[in-house]
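Structure first, commentary second.
Just so you know, all these numbers are worked out from the coordinates, no wet-lab data involved. These numbers were taken from a predicted model, which means no experiment stands behind them. Cβ atoms come from the backbone with ideal geometry, glycine included; neighbour counts cover every protein chain shown.
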Amino acid sequence: MKSKDLLYVYETIPYQQKNIYPSDLNTNTILQVDDAMKKYGFENKVKKLKTGHFAIDMKREDGSRIATLKNPIYPTNSQAGRKIAIDKYKTENFLSKAGLRTTKSKVYTSDEMDRARNEAYSSGAEGVVIKPLDMSLGKGVFVNVAEDDFDFYWKECTAVMAKTSRETYHIMVQEFMEGFEVRATIIEGNLISVVARVPAFVKGDGAKSIDVLIDEKNESRKECGYLSKHQIKKSDSVKTFLKNSGLTLDSIPEKDEYILLISVSNTSLGGEVIEITELVSKEIKELALNALAALPGMYCGGIDIMVRNFDDTEPGVIEINPFPVLSLTMFPTYGQPAKPADYFVNAFYTKDALINGYQSKADSDGVDKYVRNYMRYHDRQQRMYLNQFATNNQQ
């Protein structure tokens, strides 16, 4: 995202007021599903794993266990599809063979920095994306990296991976797509919402420095139970990003001037989330559904897409997250919150009831809706598989 994209988003959305959420907000995806199951009277057992994460045994009324939901596994997602989604390079391959627009990337080991830099800019690219091959939540991701800053961000990415248990660090250098990032959340084959993910930024008043504006924005974020958990940090990455824009923390932006502070659009780094499902084009929604359907046996996922505007007819997929954070859709900074956990439990139990011949707790209209959505999604999966089969036969 660039400043012009930021200006476009905030001038286009119809919302005037930020959403305010309570301080005791439940932001854990597993526990959000637990809340939904209790709401609709579905049997379950929550347990805490040795890893510290929660898991839910999803049960029928007779006490028999159907499946276990745990981070990072939705029980309806296949193991094969999930492994492909985690590997961003394999995901690109599957999407390309399905005829879907996505990025072009190369994968390197952490000791191949010089080779990666030389190849990345050999065709005249002004900026690229550097990211770990198989991490999520925006960790180690650096966007629109210029050649002069390549070594710095490569080492930053390596440092992030060094904090994990990996023996080998694989880094992906990806084509940079112009525009801004949106996240489409798909649950049980149904598009729940599309949100714009906005990186950390400040808006100038013509008098205060960026440093002071960050402090003021962090104070305002404390008023919201969701944003308060994610303050904007004056990190080296922020300082480097500002430097590349010809700015420092001491710079004073003009009145109403939007100043991006970092390239990664993640709420954990001080970003914001804007609900835009009803504002975006059919092509953006179709690409999201087709992208998830292109991975074998995948029903739930977060599809990250680059768009140039809300009406974009040629969007492109960046990556697919097989365990999307539901809070992005439940607690947008602007716009109507969605109910992904509600949809998941009702669709999941409707499907199990039909397969195993018992009465679903969903009302009759709800059952029809979930079944129709499943059938449409199965048709979509078949189309994507046929596209991939045809591509493989041509190679």
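Spacing of the modelled spin labels on ASP111 and LYS45, each 7 Å from Cα toward Cβ, amounts to 4.9 nm. Scanning the chain for trypsin sites (Lys or Arg not before Pro) that sit in a DSSP loop and have at most 11 other Cβ atoms within 10 Å, the longest stretch containing none of them is 256-395.
Under the simplified labelling scheme, the THR164-ASP211 pair shows an inter-label distance of 3.6 nm, with each label point 7 Å from Cα along Cα→Cβ. Amide H contacts of GLY271 (H built 1.01 Å from N, in plane; Pro and chain starts excluded): ALA200, ASN266 sit under 5 Å, all sequence-distant by 5 or more or on other chains.
Would you list MET135, MET161 from fewest to most Cβ contacts within 10 Å?
Going from least to most buried by this count: MET135, MET161.
Shape summary: region 104-176 maps onto an equivalent ellipsoid whose semi-axes, from the alpha-carbon gyration tensor, are 19, 12, 10 Å in decreasing order.
If you take the Cα centroid of region 293-307 and the Cα centroid of region 41-89, the two points sit 18 Å apart.
In percent, what relative contact order does region 124-241 have, based on Cα pairs under 8 Å that are 6 or more apart in sequence? Normalised by residue count, the contact order of region 124-241 is 17 percent.
Over 21 Å between Cα atoms, which of LYS83/LYS104; LYS50/LYS222; LYS39/LYS361 qualify? Beyond 21 Å: LYS50/LYS222.
Each of CYS300, CYS157, CYS224 was scored by other Cβ atoms within 10 Å of its Cβ. Arranged with the fewest first, they read CYS224, CYS157, CYS300. Across the chain, C-alpha contacts under 8 Å between residues 6 or more apart give a mean separation that, scaled by the residue count, equals a relative contact order of 21 percent. Seen from every direction in turn and averaged, the convex hull around the alpha carbons of the chain projects onto 20.7 nm².
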